[in-house]
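Notes for the one structure printed next.
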Amino acid sequence: MVIDMDDLIQRWLQIATTFTMRMLSHDWENPLNFLIFQYHFSVHQIENNMKTASSMQTATNPKFTYWQEGDFWLGYLEEFPDYMTQGSSFEDLKEHLIDLYKDLSGGKIPSIRRIDELDIQ
């Protein structure tokens, strides 16, 4: 696995900024509240980073939905239905979807909505 240091640095800066902003928005009269917040925030960030890394490794052929509307081809990635793109041909649409997938799964865009499955037993 190749580690992109620029991406790693950007991720940690984003985490540090979010953590600081959330810290400043709370009342920390009780030191225990701060420790509980720090623990929950750390666990949440680790889970998100693991999920992003996991989806990047396993989704080599992401599914997408597409249709033709007039002269344009429209589509979106099933994992990211909120982000739609278009192309002048079907091949052009696929190129745009590949670029979109790289941007969305690369962790460089914050607060991305995703679709996933729950394993209910």
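Within the range 73-89, the set of residues being farther than 13 Å from Leu104 by Cα and in a strand (DSSP E or B) comprises Trp73, Leu74, Gly75, Gln86, Gly87. Restricted to the range 62-91, and to residues there that are surrounded by fewer than 16 Cβ atoms within 10 Å (Cβ to Cβ) and within 17 Å of the chain's Cα centre (by Cα), the residue that is farthest from Glu117 (Cα to Cα) is Met84. Sub-8 Å Cβ pairs linking a first residue in the range 92-121 that is surrounded by 10 or more Cβ atoms within 10 Å (Cβ to Cβ) to a second residue that is among the basic types (Lys, Arg), at least 6 apart or interchain, are Gly107/Arg11, ordered by first then second residue. The residue that is nearest to Ile15 (Cα to Cα), among those in the range 98-118 that are assigned to a helix (DSSP H, G or I) and over 8 Å from the mean Cα position of the chain (by Cα), is Asp103.
Readers should treat all values here as calculations from the given coordinates under stated rules, not as data from a laboratory. Computed from a predicted model, the values in this text were never measured in an experiment. Methodologically, a virtual Cβ is constructed for each residue, glycine included, from the backbone with ideal geometry; neighbour enumeration extends over all protein chains shown.
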